[in-house]
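Report on the following structure.
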Amino acid sequence: MKVSSLCSLALAFAFVVSCAKVPVTKRKQLKLLPEKNLIDMSKTSYVQFLAESKVLPDNDPRSQRVKQVGNKIKDAAISFLTKRNQLKRIENFEWQFNTVNDPTVNAWCMPGGFVVVYTGILKLVETDDELATIMGHEIAHAIARHGNERMSQGLGVQVALGVLQGTTSEDNQNLLYYAGVGSQLGILKFSRMHESESDKIGLVYMKMAGYDPNHAVTFWQKMAANGGSVPELLSTHPSDEKRIKDIQEFIPKIDEILK
Ligand SMILES: [Zn+2]
């Protein structure tokens, strides 16, 4: 079924559904769960995750670097959305950038802008531009509401209904799983389409923030050479060559998008 017919169907049921366009790619998407609910639950889970993890202190240079680059990408995203009258997309967001001492090669962003970067992935990062690749990609997942969208498709719907009717802690766990928040339940696999969309949006933000998008290519090459043991970032194992080729093809189009 097409998104537009799903939207009319949803309207017919007067359900909590809205249709919106993803920034940069302008893809039409359906979302079911009120973003505010999802953000509240993400925050609870994020706080819990941090309490159970070895979070680097604010004076650690790695932590400072993640916060600095993350904030620059976030500011670029806000300015992108402001110019296009899309600030509503990040209503209720509470940006946080934390680094955990963990050798896993991973990074993620929960709905609402709650970011975690693992020291394992920082080992592959040489330049701030490469770090900006990660931050741009993760921030893009949240702004594009990929977690919410996933829930609006298939399996997540049942969970979403449960949440709207009254949340149990089990609903909460399931919800966060569908929303892309992997902790005890394992890391969510975003679809190839979501991955590709986040790559593109992230590249636009990194260029706006003054970073060189060409470093996204070197970063993904290193990730590929690392063997791809990356639960979120290489989630559905799109072929590394395809991902890198797509990025190379997209870079010359960024200026046009920013006009
Ligand atoms: Zn991703």
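The values are calculated or read from the model by the stated rules, or taken from the named source; none is laboratory data. Predicted, not measured: the structure shown is a model, and the values here were computed from it. Reconstructed Cβ throughout: ideal geometry from the backbone, glycine too, with neighbour counts over all protein chains shown. For accessibility, only protein heavy atoms count, side chains too; no ligands or nucleic acids. Shrake-Rupley method; radii C 1.70, N 1.55, O 1.52, S 1.80 Å.
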The range 224-258, residues that are more than 18 Å from the chain's Cα centre (by Cα) and at pLDDT below 90: 224, 225, 226, 227, 228, 229, 239, 240, 241, 242
Hits in the range 93-104 (condition: open to solvent by 10 Å² or more (accessible area, probe 1.4 Å) and more than 16 Å from the chain's Cα centre (by Cα)): 101, 102, 103, 104
Single unsatisfied condition, residue 136 versus (1) at pLDDT below 90; (2) open to solvent by less than 20 Å² (accessible area, probe 1.4 Å); (3) within 13 Å of the ligand (Cβ to nearest atom): (1)
Test: residue in the range 74-89 that is modelled with pLDDT of 95 or more, crowded, with 21+ Cβ neighbours inside 10 Å and among the basic types (Lys, Arg): yes
In the range 115-125, the residues that are in contact with a helix residue (DSSP H, G or I) (Cβ under 8 Å, 6 or more places away or on another chain) and either more than 15 Å from the ligand (Cβ to nearest atom) or farther than 14 Å from residue 97 by Cβ (or both): 119, 122, 124, 125
